2 protein chains.
Amino acid sequence: MSIGVLERSALAKTKLGLIDCDIHPAGKTPGEVMAYLPKRWREHVAEYGVRVSQPFAGAIPYPRMAPGGGGRMDAWPPTGGPPASDLAFLRAQLLDLYGIDYGMLQPLSVGSHALNQDLGAAICRAANDWQIEKWLAPEPRLRGAICVPQEDPEAALAEIDRLAGDRRFAQVALPPRTIEPHGRKRYWPIYAAAEAAGLPIGMHSAAFGAHTNSGTGWLSYYIEEHYCFAHSLQSVMTSMVMEGVFERFPGLKIVLIEGGFAWVPALAWRLDHTWSRMRSEVPQVKRPPSEYIREHFWYTTQPIEEPERPRDLLDTIRWIGADRLMFSTDYPHWDFDDPRYTFKVKLPEATERAIFAGNAKALYRLD
Amino acid sequence: MSIGVLERSALAKTKLGLIDCDIHPAGKTPGEVMAYLPKRWREHVAEYGVRVSQPFAGAIPYPRMAPGGGGRMDAWPPTGGPPASDLAFLRAQLLDLYGIDYGMLQPLSVGSHALNQDLGAAICRAANDWQIEKWLAPEPRLRGAICVPQEDPEAALAEIDRLAGDRRFAQVALPPRTIEPHGRKRYWPIYAAAEAAGLPIGMHSAAFGAHTNSGTGWLSYYIEEHYCFAHSLQSVMTSMVMEGVFERFPGLKIVLIEGGFAWVPALAWRLDHTWSRMRSEVPQVKRPPSEYIREHFWYTTQPIEEPERPRDLLDTIRWIGADRLMFSTDYPHWDFDDPRYTFKVKLPEATERAIFAGNAKALYRLD
């Protein structure tokens, strides 16, 4: 597990800068985050657990199960605990090895999906306190995401208010599989608060949710579920545009994480076409949908689409905007992207700088 | 269709008084209510229709289809239009024939289920204006129900505010098949407004809803759907009790319409039992669930359960409270209950008075 000095410097991309927009921190034990709950809820969880709406609640929806589900085999810390549960080892294996300037935590709290909504709010609060104490305070290269119980907007607002002034948090985390489509008014108070605080909303593809990712029912295979990450993000995008969210919140910024981006141009073309014929149904949409998409959405790279002709990816990047794509590893998950091999095509240097660091730096105000 | 004077007086229950708590008014044409929409939404409906979440949107979920779906064969007005679309004929066939002192309208607006929520709010408003102009203004024996777009509580509140001062409206209409269970906080603003206005909330079993009535999936047969009316009302009751709604709104009154009542004692016993063992999960529930149920719920009679030993019904009525049951016909639907034959058992006279008129008079402040 020791990493030689030579290898390290060979990997480091310090010349260009490197920001990883998708790191999943874990607890050493399943109870580590829950220890931040007040006594009333700790006792509740001990007695009743945390119920979620998934059909097989409690099942880890990733392959290569075991605690730390879906982790890279080499990411298990020598000190024990699951992958990404040990700060020193995460520093060595990720931040130092690749010369990462900043890493964005994606804690994916179960608090967002708890059916007991008061418990959900308490878990989100605990997850945020845990981020501060375990990760953000000791490691200034890391940035947190404010977990919120989005189905109870009043409680979500309280949590955003509590933490929006803490610059160690770079975004508000909202899962893409909510009870209602994201454009519905129930979520607007969250958008208003994020916009007012100048925080982007990070939507990380979720293995949990109120409904299945698919349009038809619960899927048989993980391979289907993995594809459908893109599916659920397409629904997010369409609903937010069509319900007029961006007319109401012109400063709102949405980051779609771990759902790819090559599907974006085709979706936008289709929406522009239908809007041109049926815009009277949605008078709140004042401009072609593609304009809102280009202005309000950002994307992370992993898992990147790999066209048969690698250079086709450049056309996609051109369409969504070279300023909209941000590098991510998904550490410590099995489908980790190494920054040296992420792109199968040579990017123009300015584009490479932007994707590997500049875009995230600007979006998340990392300076 | 002419009704003789002798027959009329034989039917009249004027001695005891008679209030019908479930009458379904209809439009002469499908567009009659929609004509009350503002121009922007009339044009929208003409072009796009009204989309709802039912799997086969647009299908009438009742048997004996045809316009006015599920109507009594003899209820088609001689002047044209579907059953219960003609005030003069409704007076003759229902109000005058049975000597009904007051009749409570249950308009079951599609506005509550429209997926386009702004359209839904507009349709609810139109349905309320239509009730006033077509039914409440010309016929003082009728009382309206304020239709609200419950999934958009802000719009629902605006509609309650607009009409709560109009004593021709006796209750707020809330469908029992909502996007989330009724105890969830999203609906609490509606409960607060109804409580403040002193209006009961009428929940009429609905053939439409955001989810199926069953706990498993969409049902094959109407006979199953009809049974499940009770199923969905049981969910309403359980959720409202367990989320602590009645601790927060001690003056809230809920009327369960067309879902029976013989299931209530067994459900309450079961809830009391589980609460006694697991009350720590729901600290907001301070007292045995049966106490909230007895205090906050009312029931209409039709379709009444018919035990093999008719007198068993008396035990049920005793449990729920003789002051909690209110007569209803469900006019003009096929399963109409004639007040002369509703009960297969002789009721004590005070109970009969209460069920046929006194309870509704007190609850709806009809004086």
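Sort out which residues of the stretch B:328-367 are touching a residue at least 60 places away in the same chain (Cβ under 8 Å) and hydroxyl-bearing (S, T, Y), and write them in order of number.
Selection gives B:S328, B:T329, B:Y331, B:Y364.
Among A:R125, A:R141, A:R167, which is the only one that is basic (K, R) and in contact with a Leu (Cβ under 6 Å, 6 or more places away or on another chain)?
Details: A:R125 fails: in contact with a Leu (Cβ under 6 Å, 6 or more places away or on another chain); A:R167 fails: in contact with a Leu (Cβ under 6 Å, 6 or more places away or on another chain).
Being basic (K, R) and in contact with a Leu (Cβ under 6 Å, 6 or more places away or on another chain) holds for just one of A:R125, A:R141, A:R167, which is A:R141.
Go through the stretch A:102-117 and give me each residue that's free of Cβ contacts under 8 Å to residues at least 40 places away in the same chain and within 14 Å of chain B (Cβ to nearest Cβ). Break it down into steps so the answer makes sense when it comes.
Quick first cut of the stretch A:102-117, residues free of Cβ contacts under 8 Å to residues at least 40 places away in the same chain only: A:111, A:117.
Once the filter is applied, which keeps residues that are free of Cβ contacts under 8 Å to residues at least 40 places away in the same chain and within 14 Å of chain B (Cβ to nearest Cβ), the stretch A:102-117 yields only A:Q117.
Select from the stretch B:170-182 the residues that are hydrophobic (A, V, I, L, M, F, W, C) and more than 18 Å from B:A122 (Cα to Cα) and write down the one among them that is farthest from the other protein chains (Cβ to nearest Cβ).
Narrowing the stretch B:170-182 to residues hydrophobic (A, V, I, L, M, F, W, C): B:170, B:172-174, B:179.
Of the ones still in play, those that are also more than 18 Å from B:A122 (Cα to Cα) are B:170, B:179.
Values: B:A170: 29, B:I179: 6 Å.
Across the stretch B:170-182, the extreme among qualifying residues is B:A170.
Within the stretch B:1-26, restricting attention to residues that are loosely packed, with under 14 Cβ neighbours inside 10 Å, part of a loop (DSSP other than H, G, I, E, B) and not small (G, A, S), which residue is modelled with the lowest pLDDT? Can you show your working first?
Taking the stretch B:1-26 and keeping what is loosely packed, with under 14 Cβ neighbours inside 10 Å, we get B:1-7, B:9-10, B:14-15.
Checking which are part of a loop (DSSP other than H, G, I, E, B) leaves us with B:1-4, B:14-15.
Among the residues that remain, those that are also not small (G, A, S) are: B:1, B:3, B:14-15.
Details: B:M1: 34, B:I3: 41, B:T14: 50, B:K15: 59.
Looking at the filtered set, the residue picked out is B:M1.
Can you tell me how many residues in the stretch A:118-133 are more than 14 Å from every other protein chain (Cβ to nearest Cβ) and either aliphatic (A, V, I, L, M) or assigned to a loop (DSSP other than H, G, I, E, B) (or both)? Spell out the reasoning first.
Step one: list which residues in the stretch A:118-133 are more than 14 Å from every other protein chain (Cβ to nearest Cβ), which gives A:123-133.
Right, trim to either aliphatic (A, V, I, L, M) or assigned to a loop (DSSP other than H, G, I, E, B) (or both) and you get A:123, A:126-127, A:132.
Residues in the stretch A:118-133 being more than 14 Å from every other protein chain (Cβ to nearest Cβ) and either aliphatic (A, V, I, L, M) or assigned to a loop (DSSP other than H, G, I, E, B) (or both): 4 in total.
Name the residues in the stretch A:337-367 that are within 17 Å of the chain's Cα centre (by Cα), part of a helix (DSSP H, G or I) and surrounded by 19 or more Cβ atoms within 10 Å (Cβ to Cβ), would you?
Those that are within 17 Å of the chain's Cα centre (by Cα), part of a helix (DSSP H, G or I) and surrounded by 19 or more Cβ atoms within 10 Å (Cβ to Cβ): A:I355, A:F356, A:A357, A:N359, A:A360, A:L363.
Looking at the stretch B:108-129 only, could you name the residues that are surrounded by fewer than 24 Cβ atoms within 10 Å (Cβ to Cβ) and either in contact with a Phe, Trp or Tyr (Cβ under 9 Å, 6 or more places away or on another chain) or of a type in the set (V, I, T) (or both)?
B:L108, B:V110, B:N116, B:D118, B:L119, B:A126, B:D129
Tally up the residues in the stretch B:186-210 that are within 14 Å of chain A (Cβ to nearest Cβ) and in contact (Cβ under 8 Å) with a residue 40 or more places away in the chain, please.
Kept after step one, since they are within 14 Å of chain A (Cβ to nearest Cβ), are these residues of the stretch B:186-210: B:186-190, B:192, B:210.
Now drop any that are not in contact (Cβ under 8 Å) with a residue 40 or more places away in the chain, which leaves B:188, B:190, B:192, B:210.
Of the residues in the stretch B:186-210, 4 are within 14 Å of chain A (Cβ to nearest Cβ) and in contact (Cβ under 8 Å) with a residue 40 or more places away in the chain.
Considering the stretch A:231-271 alone, what residues qualify as being of a type in the set (F, W, Y) and within 19 Å of A:V285 (Cβ to Cβ)? Working first, answer last.
Taking the stretch A:231-271 and keeping what is of a type in the set (F, W, Y), we get A:246, A:249, A:261, A:263, A:269.
Of everything in the stretch A:231-271, those that are of a type in the set (F, W, Y) and within 19 Å of A:V285 (Cβ to Cβ) turn out to be A:F246, A:F249, A:W269.
Residue pairs, Cβ under 6 Å, 6 or more apart or interchain, first in the stretch A:215-226 and at negative phi, second part of a helix (DSSP H, G or I). List them.
A:L219/A:E225
Name every residue in the stretch B:19-41 that is closer than 9 Å to B:W130 by Cβ and small (G, A, S), in order of residue number.
Answer for the stretch B:19-41, where residues must be closer than 9 Å to B:W130 by Cβ and small (G, A, S): B:G27, B:A35.
Could you tell me which residue of the stretch A:134-164 is farthest from A:P25 (Cα to Cα), considering only residues that are within 14 Å of chain B (Cβ to nearest Cβ) and either among the aliphatic types (A, V, I, L, M) or outside any loop (DSSP other than H, G, I, E, B) (or both)? Steps first, please.
First, the residues of the stretch A:134-164 that are within 14 Å of chain B (Cβ to nearest Cβ): A:149-158.
Right, trim to either among the aliphatic types (A, V, I, L, M) or outside any loop (DSSP other than H, G, I, E, B) (or both) and you get A:153-158.
Details: A:P153: 25, A:E154: 27, A:A155: 24, A:A156: 21, A:L157: 24, A:A158: 24 Å.
Step by step, filter the stretch A:134-164, then rank; the result is A:E154.
Touching a residue at least 24 places away in the same chain (Cβ under 8 Å), away from chain B (no Cβ under 14 Å) and more than 28 Å from A:A197 (Cβ to Cβ): which single residue out of A:A262, A:A266 fits that description? Working first, answer last.
Details: A:A266 fails: touching a residue at least 24 places away in the same chain (Cβ under 8 Å).
The conditions single out A:A262.
Please verify whether the stretch B:27-50 includes one or more residues that are at pLDDT below 95, assigned to a loop (DSSP other than H, G, I, E, B), out of contact with any Phe, Trp or Tyr (no Cβ under 6 Å at 6 or more places or on another chain) and within 14 Å of chain A (Cβ to nearest Cβ).
Yes.
Sort through B:S290, B:S280, B:S276 and tell me the only one that's within 14 Å of chain A (Cβ to nearest Cβ) and either in contact with a helix residue (DSSP H, G or I) (Cβ under 7 Å, 6 or more places away or on another chain) or in a helix (DSSP H, G or I) (or both).
Details: B:S290 fails: within 14 Å of chain A (Cβ to nearest Cβ); B:S276 fails: within 14 Å of chain A (Cβ to nearest Cβ).
Exactly one residue qualifies, and that residue is B:S280.
One residue is enough: does the stretch A:220-240 have a residue meeting the conditions assigned to a loop (DSSP other than H, G, I, E, B) and in contact with a His (Cβ under 7 Å, 6 or more places away or on another chain)?
So in the stretch A:220-240, the residues assigned to a loop (DSSP other than H, G, I, E, B) come out as A:220-221.
Retained after the next criterion (residues that are in contact with a His (Cβ under 7 Å, 6 or more places away or on another chain)): none.
No, the stretch A:220-240 contains no residue that is assigned to a loop (DSSP other than H, G, I, E, B) and in contact with a His (Cβ under 7 Å, 6 or more places away or on another chain).
The values are calculated or read from the model by the stated rules, or taken from the named source; none is laboratory data. Treat the numbers as computed from the prediction; the structure is a model and nothing was measured. Don't worry about glycine lacking a Cβ; one is built from the backbone with ideal geometry, like all the others, and counts go over all protein chains shown.
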